[in-house]
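Notes follow once the structure below has been shown.
The values are calculated or read from the model by the stated rules, or taken from the named source; none is laboratory data. For clarity, every value in this text was computed on a predicted model and none was experimentally measured. So basically every Cβ, Gly included, is an ideal-geometry build from the backbone, and we count neighbours across all protein chains shown. Please note that ligands, DNA and RNA were not included when accessible areas were found on the heavy atoms of the full protein model with its side chains. Shrake-Rupley method; radii C 1.70, N 1.55, O 1.52, S 1.80 Å.
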Amino acid sequence: MNGRRRTTRTIVTGVVLALVAVPATASAHGSGSARGFVLEEATVASIHQAFKSGKLTCSQLIDGYLTRILAYENQGPAINSLISVAVDAKAQAKALDAKYKRQHGRVGPLHCIPVILKDNIDTKDMPTTGGSKTLITPLPAKDSYIAKAFRDDGAIILGKGNMDEWAHGGRAGYSSAGGQTLNPYDLSRSPAGSSGGPAAAIAANFAVLSIGSDTGGSIRGPVNAESLAGMRPTLGLVSRAGIIPFSSTFDSAGPMTRTVTDSALVLNTIAGYDPADPATKQSQGKIPSDYTKYLKKDSLKGARIGVLRNYVNAANAPMMDAAIQQMRQLGATVVDNLVLPRRRSTCVGSTTR
């Protein structure tokens with residue numbers, strides 16, 4: 001394991017050490033940034049408001065995230081969520097600051113928002129390994145449709161997230177290229193796979209937005225394990241071009257973020273027709289101009305939610321109870337203490353849950 005993880009330390013830690021050559025404006029904990037901006041739990045809206053009010057620049061923001069990566073990725077708790085970090089991240093931030101000043105405002109709807117892509121999604125400036133050390137070199141010839149869409153909207157692709165090797169699952173969050181990703185909320189628990197790396201990076205506040213790919217749960221699992229928001233889009237909504245597939249007929253790339261609003265903003269950027277992926281033709285004329293307009297703050301009013309108590313870990317019960325109480329306060333009807341029977345499988349020696 002140590003030998004395998006050394007690959008990640010070379011790519012990630014070496015790059016970040018070079019990038020964070022001067023003290024960053026934001027501390028590793030996110031609470032010491034200039035003029036009161038707090039990096040932890042930041043969203044697209046809070047970052048853009050800080051830019052608008054003059055509390056923050058793009059360069060300061062990226063410095064803050066690079067400082068956190070240096071402190072927590074391969075040092076400290078060693079989350080090990082990234083396979084590579086963009087070597088020109090600070091230069092990109094400086095260029096966006098200059099454009100912001102010239103244009104008297106943000107450059108695109110995702111101006112300077114840091115993004116982590118699962119490392120089966122092509123970027124022309126970083127390796128696309130699919131989790132395999134055999135693909136550390138060479139670099140892809142061009143950006144994937146998703147990577148280009150993010151850059152066109154002003155985002156900075158800050159790094160590539162660790163993943164189950166070839167997205168095959170099994171050892172959630174482990175690859176020969178990146179080693180074992182840990183869950184930032186509990187290092188003893190699984191980050192889930194196969195998109196565990198980019199999900200863990202968001203949970204650890206290494207970036208704001210991330211993209212995973214899902215064949216049979218590889219977005220939905222990590223989103224659940226890392227307490228994030230996210231979704232698996234309908235096949236044909238988001239281009240698969242430039243993505244190493246597990247199953248080209250089932251794969252779908254989608255957002256993993258801290259909030260539902262930020263996931264909707266990601267869809268605004270990545271959904272669309274791409275001639276390189278014929279499946280996206282069916283989405284032409286059916287994509288809204290803004291997914292956030294469908295979000296409703298009172299959406300829990302009238303909802304009926306069941307709680308399966310025999311599937312709640314006793315250690316998690318206090319957090320569950322707090323969440324249930326909040327849902328009640330937001331208008332949901334909660335049907336508590338439901339029990340789902342556990343039945344035996346027809347397979348000898350096993351049970352189905």
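For the residues 42, 89, 71, 93, the requirement of being open to solvent by 10 Å² or more (accessible area, probe 1.4 Å) and within 21 Å of the chain's Cα centre (by Cα) singles out 71. In region 131-168, the residue that is surrounded by the most Cβ atoms within 10 Å (Cβ to Cβ) out of those that are of a type in the set (Val, Ile, Thr) and in a helix (DSSP H, G or I) is 146.
Within region 104-130, the set of residues being at pLDDT below 95 and surrounded by fewer than 17 Cβ atoms within 10 Å (Cβ to Cβ) comprises 104, 105.
Determine whether residue 65 is open to solvent by less than 10 Å² (accessible area, probe 1.4 Å), within 24 Å of residue 178 (Cβ to Cβ) and either at pLDDT 95 or above or among the hydrophobic types (A, V, I, L, M, F, W, C) (or both). Yes: the conditions hold for residue 65. Inclusion of residue 261 among residues that are surrounded by fewer than 22 Cβ atoms within 10 Å (Cβ to Cβ) and part of a loop (DSSP other than H, G, I, E, B) is not warranted.
Condition check: crowded, with 23+ Cβ neighbours inside 10 Å, at pLDDT below 95 and hydroxyl-bearing (Ser, Thr, Tyr). Does residue 13 satisfy that? In short, no. Only residues that are modelled with pLDDT under 95 and either of a type outside the set (A, V, I, L, M, F, W, C) or more than 25 Å from residue 229 (Cα to Cα) (or both) were counted across region 27-51, and they come to 9. If you filter region 169-202 down to residues that are outside any strand (DSSP E or B) and either in contact with a Phe, Trp or Tyr (Cβ under 7 Å, 6 or more places away or on another chain) or at positive phi (or both), you find that the one that is surrounded by the most Cβ atoms within 10 Å (Cβ to Cβ) is 173. In summary, residue 205 fulfils each of the numbered conditions (1) surrounded by 24 or more Cβ atoms within 10 Å (Cβ to Cβ); (2) on the phi > 0 side of the Ramachandran plot with the single exception of condition (1). Of the residues making up region 295-337, those that are at pLDDT 95 or above, in a helix (DSSP H, G or I) and open to solvent by 80 Å² or more (accessible area, probe 1.4 Å) are 325, 326, 328, 329. In this entry, residue 285 is excluded by the filter for residues that are crowded, with 17+ Cβ neighbours inside 10 Å and outside any helix (DSSP H, G or I). In contact (Cβ under 8 Å) with a residue 24 or more places away in the chain and surrounded by 23 or more Cβ atoms within 10 Å (Cβ to Cβ): does that describe residue 213? Yes: the conditions hold for residue 213.
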